[in-house]
Structure formats: structure tokens, C-alpha cells
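Taking it in order: structure first as C-alpha cells, then the write-up.
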Amino acid sequence: TTGCISTHSTPITVYTKPTVQITGQNEICIGSNTTLSPNSGGFWSSSNDAVATITSSGIVTGVSLGTATFTFVENSTGCTSDASLPVTVVEKPSVAITGPTGICQGETTTLSPSAGGNWTSNNPSVATVNAMGVVTAVSAGVAKFTFVSDEGCISDETSPITIYGKPAIFNPGDDEL
């Protein structure tokens, strides 16, 4: 060593990596969305665009079954975040009519699944349904049902269930008055 002291170098700024988090659900359906933060100030990338894509504002869309993580690059610093926790993309629920497809007013039939979400009727004045998939006939007509899983996935509609009205009872003696 010469014992010489160098001049000070140009200061180097060390930036903190951006912190990312899933602000929506971490399990979504094909075609459904969730959100990540931050939602501005940079750009996002997906570890697997075939499974899930992400917009610059942090909106993730499920594309196919699988798992993806996401990283964020901050515009002002150029720093890249660590990967987010994984987002899992699942299929929409499969539904079925497990009881009769034609019932009379006041009777019941059943749908599957019977847990893990909520059922809705497209025609509640004809038939109602509870969370366990029990359909109750209200009046004559046709109704279809959809299931929303706890993850927010919406099934396709079931086949129709036909509700028959109560038969009219005719008493021939009533006409003779």
C-alpha cells in the first residue's frame, strides 16, 4: 500500500425493494379477478401468464388452472420486489340436480354441492333454494340455479327444474246450485 487516501466517491443511494401483497383473495376462478398492491407507480409481471395475468394497476385475472406469483418494478427506483405469495386459479364449481327435475308445488328436490358456497334461484317466485342446495317449489313454472363458491366462483346454471301447480279438485255437485 502507498498510504495515499482517495477522494470520496460519488454517493450511492440504496433503495428499499417495493413491498407487495395480495389485497384480494388468493384463490380465484378462471375468468375471475383479485387485486395486489401497490396499484400504481410501476409495472407488474406474472410468473406464468398462461395461468394468471396482471395489469399495471395490480388486477389479476385467472386464465387457467394453476398457481402464479407476481413481481412489481417500481418506476422511480427501478427496484424489483420479491415475488408475491401465490395466487391459485381454480375451476368454476360443477353443479348437478341430484333429486327429481320435476316437482309439485310445496315439494322439494336437491342440488349438488351442498356446502362450500351459496345457491341462488333465477326465479324465486317459482322455486327457492337454501345454502345446502334444497330447492322448494313455490308456484308453477321453471327455475334454474347457480352456485357461488366461497372463493367467489360462479357456476354455470343448472338444467331447468319444472314446478307443477297443485291439481284443481272438481266436485260435480258444486255446479248444481
Checklist line | Members of region 38-83 found to be touching a Pro at 6+ places or on another chain (Cβ under 8 Å) and within 29 Å of Ile154 (Cα to Cα), listed by number | finding: Pro38, Gly58, Thr67, Ala68, Thr69
Margin query: Whether any residue in region 65-74 is outside any loop (DSSP other than H, G, I, E, B) and aromatic (Phe, Trp, Tyr) is what I want to check.
Written below: yes
Notebook entry, point to check: When region 22-45 is examined, which residues are found to be touching a Gly at 6+ places or on another chain (Cβ under 8 Å), open to solvent by less than 40 Å² (accessible area, probe 1.4 Å) and small (Gly, Ala, Ser)?
Noted result: Ser32, Ser37
Next item on the list: Collect the residues in region 79-106 that are outside any strand (DSSP E or B), touching a residue at least 60 places away in the same chain (Cβ under 8 Å) and open to solvent by less than 50 Å² (accessible area, probe 1.4 Å), keeping them in residue-number order.
Entry: Cys79, Ser81, Ser84, Pro93, Val95
Margin query: Among the residues in region 107-116, are any touching a residue at least 12 places away in the same chain (Cβ under 8 Å), over 29 Å from Leu36 (Cβ atoms) and surrounded by 18 or more Cβ atoms within 10 Å (Cβ to Cβ)?
Written below: yes
Item checked: Spans of strands (runs of 3 or more DSSP E) in region 1-62 with at least 2 residues without any contact (Cβ under 8 Å) to a residue 60 or more places away in the chain and within 28 Å of Ser76 (Cβ to Cβ) -> 33-37, 42-46, 52-54, 59-62
Notebook entry, point to check: If you take the residues in region 124-152 that are touching a Pro at 6+ places or on another chain (Cβ under 8 Å) and crowded, with 22+ Cβ neighbours inside 10 Å, which one is nearest to Gly102 (Cα to Cα)?
Noted result: Ala143
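The values are calculated or read from the model by the stated rules, or taken from the named source; none is laboratory data. Just so it is clear, the model here is predicted, and its values are computed rather than measured. FYI the Cβ positions are ideal-geometry reconstructions off the backbone, even for glycines, and counts take in every protein chain you see. Heads up: the accessible areas ignore ligands, DNA and RNA and are worked out on the full protein's heavy atoms, side chains in. Shrake-Rupley method; radii C 1.70, N 1.55, O 1.52, S 1.80 Å.
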